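Engineer: The following block contains the structure, expressed as structure tokens.
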Ligand code: PHB
């Protein structure tokens, strides 16, 4: 071997190593198809991780783990829910060391935002199952969202509150968690409610971590608006509802309206009668009356979990991956998978849904619901809907 041959050999070896690094989606057909699932399995938002991980198990139990000749393997990582740098590092490792062909999960907005550049660099589809700030899919062309957005579920509630003049909801104070989805919810509510002739007399923002809602609720009680509009992320609703009742806002005649995150089905057993009659808008209720949903809720219950909206984001996220892999005939090339995901339509357990081929966000029905006790179970009972509603943005 000449020294030139030797050098050429080195260059080729380096190129091969680089290709392996840069093309995580290039596994061949007889290798497993790997999904890196990053969720908060511990910490303050662990309920989100538990819901989605359980839904993924339910999905694979029903549809198996073999798709287009590929064995689908889930690699689950716990990011604790509140450290974007950790989520990003886990995603990087999943792509470079485990060679996953899809990234999925993302319990909160900052975690999805931090990971978006990894999906772009690695050309790996990133299925956002939970995080719900409107702009997330614009952060990488490889993002597809199967959950919802805050503007999507807030706009119909503000419009409904304006339309029903008999409720006399003329003045409202907004109270949101102070980060992406909360600010989206606040802006959307204010824009729609004031455009319809209502008045937002104050807008309050509580910290995301370790919030004490008491001073905010006291301020609202003293201001005596007709209603308060609330957004808090899944996992926080019980604390808010308890303090709302303890401070006597309900007795002071202040109505509570919210996005469905507040009356999370997962928390309704703890919240109980404190939420009776609360009106919310959302894309999913465990009480949604369809055969598909009844079967789903029963399967989740067998694994000890009451299905909530995050679980459905996970269940439908799996559907998107499975259907895309079927369409590519088992080819795990990231661009081909992504192309196959765009425009998918199916009957979800929440109702009919479509992945918008242009925005990669989910188009779905948004329901208005009232908290009621149905045969001993505190439930979000749907009574109206806006059909096939797209994220309106902020
Ligand atoms: C988010 O961080 O985007 C988020 C988390 C939980 C929710 C809604 C939004 O219930």
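Engineer: Within the range 342-353, does at least one residue satisfy the condition of being crowded, with 20+ Cβ neighbours inside 10 Å, in a helix (DSSP H, G or I) and in contact with a strand residue (DSSP E or B) (Cβ under 8 Å, 6 or more places away or on another chain)?
Structural biologist: So far as the range 342-353 goes, no, none of its residues is crowded, with 20+ Cβ neighbours inside 10 Å, in a helix (DSSP H, G or I) and in contact with a strand residue (DSSP E or B) (Cβ under 8 Å, 6 or more places away or on another chain).
Engineer: Of all residues in the range 354-387, which are on the phi > 0 side of the Ramachandran plot and in contact with a strand residue (DSSP E or B) (Cβ under 8 Å, 6 or more places away or on another chain)?
Structural biologist: Passing the criteria: only 360.
Engineer: Among the residues of the range 261-283, count how many are closer than 19 Å to residue 235 by Cβ, part of a loop (DSSP other than H, G, I, E, B) and in contact with a strand residue (DSSP E or B) (Cβ under 8 Å, 6 or more places away or on another chain).
Structural biologist: Final tally of qualifying residues: 6.
Engineer: Look through 286, 258 and report the one residue that is within 25 Å of residue 344 (Cα to Cα), within 16 Å of the ligand (Cβ to nearest atom), at pLDDT 95 or above and not in a helix (DSSP H, G or I).
Structural biologist: When all the criteria are applied, what remains is 286.
Engineer: Can you tell which of 117, 151 is under 18 Å from residue 335 (Cβ atoms), more than 11 Å from the ligand (Cβ to nearest atom) and either over 12 Å from the mean Cα position of the chain (by Cα) or free of Cβ contacts under 8 Å to residues at least 60 places away in the same chain (or both)?
Structural biologist: Every option except 117 fails the conditions.
Engineer: Here is a follow-up. So which residues in the range 301-341 are within 16 Å of the ligand (Cβ to nearest atom), outside any loop (DSSP other than H, G, I, E, B) and more than 17 Å from residue 72 (Cβ to Cβ), if there are any at all?
Structural biologist: 309, 310, 311, 312, 313
Engineer: Related question: Give the range 226-242 a look and list any residue that's within 12 Å of the ligand (Cβ to nearest atom) and part of a loop (DSSP other than H, G, I, E, B), or say none.
Structural biologist: 232, 233, 234, 235, 236
Engineer: Follow-up question, since we're still on this one. Can you tell me how many residues within the range 285-301 are farther than 14 Å from residue 52 by Cα and in contact (Cβ under 8 Å) with a residue 60 or more places away in the chain?
Structural biologist: Residues flagged as farther than 14 Å from residue 52 by Cα and in contact (Cβ under 8 Å) with a residue 60 or more places away in the chain within the range 285-301 amount to 6.
Engineer: Pick out the one residue from 132, 122, 158 that is in contact with a strand residue (DSSP E or B) (Cβ under 9 Å, 6 or more places away or on another chain), more than 18 Å from residue 357 (Cβ to Cβ) and within 16 Å of the ligand (Cβ to nearest atom).
Structural biologist: Exactly one residue qualifies, and that residue is 132.
Engineer: Right, next: What tally of residues in the range 379-394 results from selecting those that are touching a helix residue (DSSP H, G or I) at 6+ places or on another chain (Cβ under 9 Å) and either under 13 Å from residue 281 (Cα atoms) or surrounded by fewer than 22 Cβ atoms within 10 Å (Cβ to Cβ) (or both)?
Structural biologist: 10
Engineer: Just wondering, is there one or more residues in the range 209-217 that are under 20 Å from the mean Cα position of the chain (by Cα), within 13 Å of the ligand (Cβ to nearest atom), assigned to a strand (DSSP E or B) and within 24 Å of residue 134 (Cα to Cα)?
Structural biologist: No, there is no match, as no residue in the range 209-217 is under 20 Å from the mean Cα position of the chain (by Cα), within 13 Å of the ligand (Cβ to nearest atom), assigned to a strand (DSSP E or B) and within 24 Å of residue 134 (Cα to Cα).
The values are calculated or read from the model by the stated rules, or taken from the named source; none is laboratory data. In this text the structure is predicted, and so the values were computed from the model without any measurement. As a convention, Cβ positions derive from the backbone with ideal geometry for all residues, glycine included, and neighbour counts pool all protein chains shown.
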